[in-house]
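What follows is calculated from the coordinates using simple rules that are stated; it is not laboratory data. No experiment lies behind these values; they were computed from the predicted model shown. Cβ: placed from backbone, ideal geometry, glycine included. Neighbour counts: every protein chain shown.
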Amino acid sequence: MRFGKVAARALAATVSVSTLGLVALPGVSHAGTATPSYYVSLGDSYSVGYQPVPAPHASSGYTGFVAKKLKMTLVNFGCGGATTSSILDPTALCNDIQYGPPAATDAGVVPPGESQVQAADAFIAAHTGHIGLITVSIGGNDVTPCVNASPTNPVNGQTTTLGCVGVGTSLITTNVATLVGDLHTAAGSNVPIVGLTYPDVLLGLWVYPTFPATAANKSLASLSTAAFNLLINPALNTAYTSVPGGKFVNVTNSKYWSTSLTKITSLKPYGKIPKAVSEICKLTYYCSQGNIHANTKGYTDIGKLITKALS
């Protein structure tokens, strides 16, 4: 059974939009009283533009860039820490130990007892004909912990990184297909649903936490690239393009985020390193802090990829 229950929620939204908390959203009005185009965002910490400095915070991220570029009103239901399971789970709450923070601005309201996708469905149903775009960034938290999988620390029930990623990919395949199908049912075929993957941040292991990198860290970085190219990205691509209007943006292998380790460049203070590693260093916080999130330039580049996919 799909989590959206679109027909029922559409009826409820028609009776009383205010019960969904939508009147608290900036710039949001009842459907029919205006004709804006809304941009609906769902997902994890990438969707809320999480950055670790100057203090941990959510920023406008790629969603702010896209909304401004397309002149749409953003409604962001994203939640840091979300997985492909929690995004469908009515009991998963933002701002608790595992899930948080929510979007800092233009935040959509996720009422208690509803999942991200249910809240998004309700908003979409209440604004039929006014939804211009849906983007989703999800799946990273299903596999990122796999880097720590070992015989003494099983992750996803697995003791190896590759085994853990395999289990995570299975969850991604099933859950994202459910999510995308649900959103498509709510929004219809005329609304593009753009799904994202991630930069291969573990390439930063070439320089962090030590430089020169240990052989083990270089091996893990290469394994991460293989996992994206052979498992994670094909699964996400299949899920997002399974519905009419569904698109997949391969951030990992974009012109901004090359995964090639054969091209060499120079980057201070490291000297000569693979170009792909230098891009991770320039566009994320991994090389300086071991943090997987993009910086402002990185999020902007992701936003450019989204608008390009829509052109």
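Kindly give the semi-axes, whole Å and largest first, of the ellipsoid equivalent to the chain, taking each as the square root of 5 times a Cα gyration tensor eigenvalue. Walk me through the numbers on the way to the answer.
Details: eigenvalues 234, 82, 57 Å².
For the chain, the semi-axes come out at 34, 20, 17 Å.
When the Debye formula is applied to the Cα atoms of the range 171-247, each taken as the same point scatterer, what base-10 log of I(q)/I(0) results at q = 0.14, 0.16, 0.18 Å⁻¹?
Those come out to -0.56, -0.65, -0.72, one per q.
Calculate how many DSSP beta bridges within the chain are antiparallel, expressed in % of all such bridges and rounded to the nearest 5.
Details: 10 of 29 bridges.
Here the share of antiparallel DSSP bridges comes out near 35 percent.
Once amide H atoms are placed 1.01 Å from N in the peptide plane, what residues at a sequence separation of 5 or more from Ala107, or on another chain, have their amide H within under 5 Å of its amide H?
Result for Ala107 returns Asn76.
Check the straight Cα-Cα distances from Lys304 and name the lysines below 29 Å, setting aside those fewer than 8 residues away within the same chain.
Straight-line reach from Lys304, under 29 Å: Lys68, Lys69, Lys71, Lys247, Lys255, Lys263, Lys268, Lys272, Lys275, Lys282.
Packing-wise, with mean Cβ within 10 Å as the measure, how do 281-289, 153-161 rank, highest first?
My ranking of the peptides, most packed first, is 281-289, 153-161.
Would you please give the residues with an amide H less than 5 Å from that of Tyr50, counting only those at least 5 places away or on a separate chain, with H modeled from the backbone geometry?
Here Ser59 satisfy the definition.
Starting at the first residue of the range 107-123, write each ³J(HN,Hα) from the Karplus equation 6.51 cos²θ - 1.76 cosθ + 1.60 with θ = phi - 60°, in whole Hz, x for Gly and Pro.
The phi angles translate into 6, x, 8, 10, x, x, x, 10, 8, 3, 5, 5, 5, 5, 4, 4, 5 Hz.
How would you rank Ile172, Ile273, going from fewest to most other Cβ atoms within 10 Å of each one's own Cβ?
Ile273, Ile172
Output the relative contact order of the chain, whole-number percent, from Cα pairs under 8 angstrom with separation of 6+ residues.
18 percent
For the range 229-296, just say rounded, prolate or oblate: build the C-alpha gyration tensor, square-root its eigenvalues into a ≥ b ≥ c, call rounded for a/c under 1.5, and beyond that prolate if a/b exceeds b/c, oblate if not.
Working: a/c = 3.02, a/b = 2.12, b/c = 1.42.
Prolate is the answer for the range 229-296, as a/c is 1.5 or above and a/b outweighs b/c.
Explain nothing, just the number: dipole magnitude of the range 236-311 about its Cα centre with +1 on each Lys and Arg Cβ and -1 on each Asp and Glu Cβ, in debye rounded to the nearest 20.
260 debye
Report ³J(HN,Hα) in whole Hz for each residue of the range 158-169, in order, from the Karplus equation J = 6.51 cos²θ - 1.76 cosθ + 1.60 where θ = phi - 60°; Gly and Pro get x.
10, 9, 10, 4, 5, x, 5, 4, x, 5, x, 5
I need the phi-derived Karplus couplings for the range 186-201: 6.51 cos²θ - 1.76 cosθ + 1.60, θ = phi - 60°, integer Hz, Gly and Pro marked x.
6, 8, x, 6, 7, 9, x, 10, 10, x, 10, 9, 9, x, 7, 5
In nanometres, what is the gap between the two model label sites at Asn229 and His57, each 7 Å from Cα along Cα-to-Cβ?
Each label point is offset 7 Å from its Cα along the Cβ direction, giving 3.8 nm.
Taking the Cα centre of the chain as origin, sum charge times position over the Cβ atoms of Lys and Arg (+1) and Asp and Glu (-1), and report the length of that vector in debye to the nearest 20.
Roughly 1040 debye, rounded to the nearest 20.
Just how large is the dipole of the range 178-311 about the Cα centre, in debye to the nearest 20, putting +1 at every Lys and Arg Cβ and -1 at every Asp and Glu Cβ? If you can, show how the numbers build up before the last one.
Numbers: 11 positive and 4 negative charges, 110 e Å.
So the dipole magnitude of the range 178-311 works out to roughly 520 debye.
Calculate the length of the line joining the C-alpha centroid of the range 149-223 to that of the range 245-311, in whole Å.
16 Å
What is the list of residues in the range 114-151 whose amide nitrogen lies under 17 Å from a point 7 angstrom out from the Cα of Thr160, following Cα to Cβ?
Only 146-151 fall inside the zone, counting backbone N under 17 Å.
Once amide H atoms are built 1.01 Å from N in the peptide plane, which residues 5 or more positions from Lys247, or in another chain, come under 5 Å H to H?
Excluding prolines and chain starts, which carry no amide H, the hits are Ile193, Val194, Gly195.
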